[in-house]
1. With each label point set 7 Å from Cα along the Cα-Cβ vector, what nm distance links residue 241 and residue 64?
2. What is the distance in Å between the Cα centres of segment 215-243 and segment 366-389?
3. Rounded, prolate or oblate: which fits segment 243-389 when a ≥ b ≥ c are the square roots of the eigenvalues of the alpha-carbon gyration tensor, with rounded for a/c under 1.5 and prolate only if a/b beats b/c?
4. Given contacts defined as C-alpha pairs under 8 Å and at least six residues apart, what's the relative contact order of the chain, whole-number percent?
5. For segment 44-283, what % of the accessible area comes from carbon and sulfur atoms, probe 1.4 Å?
6. Classify the chain as rounded, prolate or oblate from the Cα gyration tensor: take a ≥ b ≥ c as the square roots of its eigenvalues, call it rounded if a/c is under 1.5, otherwise prolate when a/b beats b/c and oblate if not.
7. Can you figure out the FRET efficiency of residue 234 with residue 141, using R₀ = 56 Å and their beta-carbon distance, to the nearest 0.05?
8. Just to be sure I understand: with springs between alpha-carbon atoms less than 10 Å apart, which residue in 253, 14, 193 has the highest mean-square fluctuation in the Gaussian network model of the chain?
Amino acid sequence: MRPDLAGEFLPDPGVTFLNHGAFGACPRPVLAAQRRWQTRMERQPVAFLDPGRDLVRRMREAMARLAGELGAAPGDIVAQVNTTQALAVVARSLPLGPGDEIVTTDHEYAAMEKLWADVARRAGARVVVARVPLPLTDAAAFTAAVAGAFTSRTRVLFLSHVTSPTALVLPIGPAIAAARARGILSVIDGAHGPGLLPLDLGGLGADFYAGNCHKWLLAPKGTGFLHARREVQALVQPCAISHGWTAEGASPGPFGNPAFVDALEFQGTRDPTAFLAIPAAIAFRARHGWPAVMARCRDLAQDFAARMGRRTGLPPLSAPEACAPQMVALPLPQCEPAALKRALLERHGIEVPCHVWGGRALLRVSVQAYNGAGDLDRLEAALARELGL
Ligand SMILES: Cc1ncc(COP(=O)(O)O)c(C=O)c1O
C-alpha cells in the first residue's frame, strides 16, 4: 500500500477500519480546507451566508469543479446534504398515482426500500422487485431482468449504481435506455459512484442521479448532490422551500442560476463549508495519483476475496469485474452475522459490516488508501478463529 497515505487520514490506532463504504473518511488537508472556510464564515456570518453576497458564486464554483469531475453540466447538478435527501426530494416529487409501478432490484439499500415503499403507499402505487441474475456476467442479462418487469403501468425505474449489500457495479446504462424508450423515468442511487467509478453523468442519460462526495471522493461529510436531465428538472420540488424557489419555476431563478439550482441548492442557514471543500478533495486525489491507489486497493480486496473463498469453499457472488473497485462482498458459512460483526469489533478491534442478504450471510470489505495488507491479514485470522475455518 502507500503507508505514507495513512498519515493523511485520522484513523483510530485501536481499530482496523475496513468499512470506508459506510460513511467515508476525510483526509486531513480536506478537513483543513473546510476549517478555513468555517473560520471565514464565523468571522462575518452575514457576509458569508447571505445569498445576495458571495455564497452563490462560491457554491457554484465548487459545484462546477465537481460537475467537471462527473461529466455533468454545472446547471444540471445541485448540492444536497446526502443521497438519502436527494432521493427523497426526487421520489416525493414524481407524479405517481394509483396502480402505477416502480421497478427496482433485490440489491437496493434498505433505507431507500423504505422510501419507495412509503411513496408507493401514499400514491396507491406498487413497488416491483426484479431479481438481478447472479453471477452478474453481462449487461444484457441484467437489462433483460429489469426490462422484463416493465408493464404499461411502470412509471419509475430505481437502481443502485453500486449496490450496498452486495458491492456490485450494476451495468445501468442499457437499462436506463430501455426505460427511456418506454417513457419510464430512471432514478439512480449513486451513493457510492463518485470517486469509485469513472462517471459521465451527461452521457449516462439517467433522468435523476443522486450521489455522495463524502464516501469515495473523500470530501467532508454532508456533501451529496442531485443531477437531473434538463428536461425533467421542472418536476423536482425541494423538501424545504427557501429564498431561491419561485412558484413559476422560471429560469434564471432569484440568484441568477437555472430554477433547479436556485430552488434546491440554497436553503436557510445551512453550513455550506463541506461543499466548498469539494475542490480540495479532488485536488488531494490528483496530488496522490489516485488511479494507482485505487488499483492497489482493488488488488488487495480481490486477493482477500480469493483467500476467503479457498477457506470457505463458497463461490463468489460474481466475478471480480462485476465487483466495486475497493469493495467486495463475500458469502460466509452459516453464522449469525450480527453476532459475528460484534465479535470482530469487540474481540479483534475490526470494524467491518456483516449482514444477511437474500437469506445469505455476507461480509462486505472496503479497502481505502489508509489500509494495508496487514489489515486484511488480521481480518482473515479473526474470521478463521470466529468461524472455525
Ligand atoms: C446504495 C446506498 N444508497 C444510499 C445510501 C445513503 O447514503 P447517505 O447516508 O449519504 O445518504 C447508502 C449509504 O451507504 C448506500 O450504500
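1. Result for the modelled spin labels: 3.1 nm.
2. Taking the Cα centre of each part, segment 215-243 and segment 366-389 sit 36 Å apart.
3. Values: a/c = 2.73, a/b = 2.17, b/c = 1.26.
Note, shape of segment 243-389 comes out prolate.
4. Values: 744 pairs, mean separation 90.2, N = 389.
Computed over the chain, the figure is 23 percent.
5. Details: 4980 of 8860 Å².
With neighbouring chains kept in place, the figure for segment 44-283 is 56 percent.
6. Working: a/c = 2.06, a/b = 1.21, b/c = 1.70.
Here the chain falls in the oblate category.
7. Working: r = 35 Å, r/R0 = 0.63.
The value I calculate is 0.95.
8. Looking only at 253, 14, 193, the biggest GNM fluctuation is shown by 14.
The values are calculated or read from the model by the stated rules, or taken from the named source; none is laboratory data. All of these numbers come straight from a predicted model, not from anything done at the bench. Cβ atoms come from the backbone with ideal geometry, glycine included; neighbour counts cover every protein chain shown. For the accessible areas, the whole protein counts, side chains as well, though only heavy atoms, and no ligand, DNA or RNA atoms are used. Shrake-Rupley method; radii C 1.70, N 1.55, O 1.52, S 1.80 Å.
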